[in-house]
Amino acid sequence: MQKGKMASFIWIVSVILLLWGLLTFLSQQKRGEKTFSFGPISSNQKALIIYNPDLFYDLDEQVCTSFAKGLIEKGWAAKVVTIAAAERLNEEPVDLYVFCANTYNWAPDWPTSRFIKRQNNLENKNVIAITLGSGSTNRAQRLLEHKLTQKKVHLLDSQIFWLMRPNEEPSTDKTNVGVAVENAYALEKKTAKRLSHE
């Protein structure tokens, strides 16, 4: 390869790597505090649903709130919180934890991973793992499951929902995000029913 072409190639690769690194850094930041409460406060079954908001898309928030709505139909109380809000919560008895992680560079987002690592109260707790991404999330799902099983949780289920890759067979009347939200709602109803019979 000629010197001029080699220099251009190196420059292009360097710019790509710089942009990739910058985007990764921005995407992986812990974002602001948000808390959404669903269902009767007096319920004796409580769920905590935790996520770190994505920089560009709110699929995580939509999926988490849909989960919560599925629970309250079974009489549960559910709280959807960002990582930043979860860090400030007073510890209280929770019957179900849901960890919703975004995928960046084929791995779960850093704030969610760090939050799980710092928790010392998850042993034998009922947990659901949700992995979100544009489409390539299998490795991220495995890593998220590994982080949770290291905490000796009772992993009830682990699901993937995609932003761009189809979440079911192509349908003319449903958006891909809409299908993800519906599936999350159905999964949470199934989970609530399962736990009520344990």
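The values are calculated or read from the model by the stated rules, or taken from the named source; none is laboratory data. Quantities reported herein were computed from a predicted structural model and do not represent experimental measurements. All Cβ positions, glycine included, derive from the backbone under ideal geometry; neighbour counts span all protein chains shown. Ligands, DNA and RNA are excluded from the accessible area calculation, which covers all protein heavy atoms including side chains. Shrake-Rupley method; radii C 1.70, N 1.55, O 1.52, S 1.80 Å.
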Item checked: Only listed residue being touching a helix residue (DSSP H, G or I) at 6+ places or on another chain (Cβ under 9 Å) and buried (at least 23 other Cβ atoms within 10 Å of the Cβ), chosen from LEU96, LEU143 -> LEU96
Next item on the list: Quick one: count up the residues across the stretch 139-169 that are at pLDDT 95 or above and either of a type in the set (Val, Ile, Thr) or at positive phi (or both).
Entry: 3
Next item on the list: Filter the stretch 1-37 down to the residues that are surrounded by 12 or more Cβ atoms within 10 Å (Cβ to Cβ) and free of Cβ contacts under 8 Å to residues at least 24 places away in the same chain, then identify the one that is nearest to ASN126 (Cα to Cα).
Entry: LEU23
Notebook entry, point to check: Since PHE56 meets every condition but one in (1) outside any loop (DSSP other than H, G, I, E, B); (2) closer than 21 Å to PHE99 by Cα; (3) of a type in the set (Phe, Trp, Tyr), which condition does it not meet?
Noted result: (1)
Next item on the list: Filter the stretch 64-93 down to residues that are of a type in the set (A, V, I, L, M), closer than 14 Å to THR191 by Cβ and open to solvent by 10 Å² or more (accessible area, probe 1.4 Å), then give me how many there are.
Entry: 1
Next item on the list: Please give the number of the condition PRO40 fails out of (1) under 23 Å from GLN141 (Cβ atoms); (2) open to solvent by 40 Å² or more (accessible area, probe 1.4 Å).
Entry: (1)
Checklist line | Unmet criterion (only one of (1) outside any helix (DSSP H, G or I); (2) open to solvent by 10 Å² or more (accessible area, probe 1.4 Å); (3) within 18 Å of SER158 (Cα to Cα)) for GLU61 | finding: (1)
